[in-house]
Amino acid sequence: MDYMEGLQLQNQNEVWITDGAGNNTVTTVGHELGHAAHAHAFDEFALVYDVFNCDIPHKYFQAEDCEKIAWTKKMADFISSVSAWTNNAPAALYGANILETVSDANDDCIGQDFLTEACQAAALWDIYDDPTGDDDPLDGSPDGTFSGIIAVLDAYPNGCLGTANRCSNEGGEHGTNHWDFLKNWNDVFSTLTDEVRDIYEQTGIDEGGAQPF
C-alpha cells in the first residue's frame, strides 16, 4: 500500500489535505489523524522526526531506514484502525491488508524485519484485539485496550535533555522505537510485560534497537 501524497500532519491540531488525494482516501486520512492523536498523547506540538540517515517516505511492507519511522508510522496505522474496527473483529483490515496476520503476496510478518511497518502494526493490534479464539497472551486483559495503550504513551517522560532514552522527544535512528514502548508499558502495566514480549516474538519485531528492554 502506498500512502497518498498531499496528506501531512502539520501539528497535533492540524492535518492538511491537498489536491491529488485519490486511492485509499479514508485509510490515509485516518493515518494522518492517528499521528495527531499520537502527538497529543506525547504532549508534543508535532511528532518531529530526526531525519539524519532516515528516509521518511514509507510503504506498509517495506523495511524503513530507522526504527523510529517504522514505530511511529505503525502507531498511526493502529489508531486509524481502532476507529474502523472493534477489538473483537475476527479479521480487521488496514486498508486492504489483514492487520494481525499481515500479508504481502501471502508472506506474513514472521521472519521479516523489525523495521517493517506492517509487522509493527500487527504487534500493536495484537495487544489491543480480543476476538473469539484470540491467540495472543493478552486475551481478555482489561489493560490491553486503546485507553491502556494511550496511557502508556502518556507515561513517556516529556521534554528530556540531550539524548535521554525512552522519552517522547527522543531523537536519533532508534528514538521512540518499539523497545521504548515496551519499557514504558512495563512502567504502567508491569504484570503484563512478558505477554507483550511474547507478542513481539510472534510478530517478528523482537530484534534491533539501541538498548533493547
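Rule-based calculations on the coordinates, nothing more; no lab input. What you see is a predicted model, and the numbers here were worked out from it, not measured in a lab. Here the Cβ positions follow ideal geometry from the backbone for every residue, glycine too, while neighbour counts run over all protein chains shown.
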Given H placed 1.01 Å from N in the peptide plane, which residues other than close sequence neighbours of residue 94 have an amide H under 5 Å from its amide H? 99
Residue among 169, 75, 132 farthest towards the positive dipole end of segment 70-213, charges placed on Cβ: 169
Using the Kirkwood formula on alpha carbons, the hydrodynamic radius of segment 49-202 in angstrom works out to 15.8
Mean separation of Cα contacts under 8 Å, 6 or more apart, over the residue count of segment 49-202: relative contact order %: 26
Need one number: nm distance between label points at residue 86 and residue 151, each 7 Å from Cα along Cα→Cβ, rounded to one decimal. 2.3
Which lysines does residue 183 reach when only Cα atoms under 18 Å apart count, and residues fewer than 8 places away in its own chain are ignored? 68, 74
Could you give the dipole magnitude of segment 49-202 about its Cα centre, charging the beta-carbon of Lys and Arg +1 and that of Asp and Glu -1, in debye to the nearest 20? 540
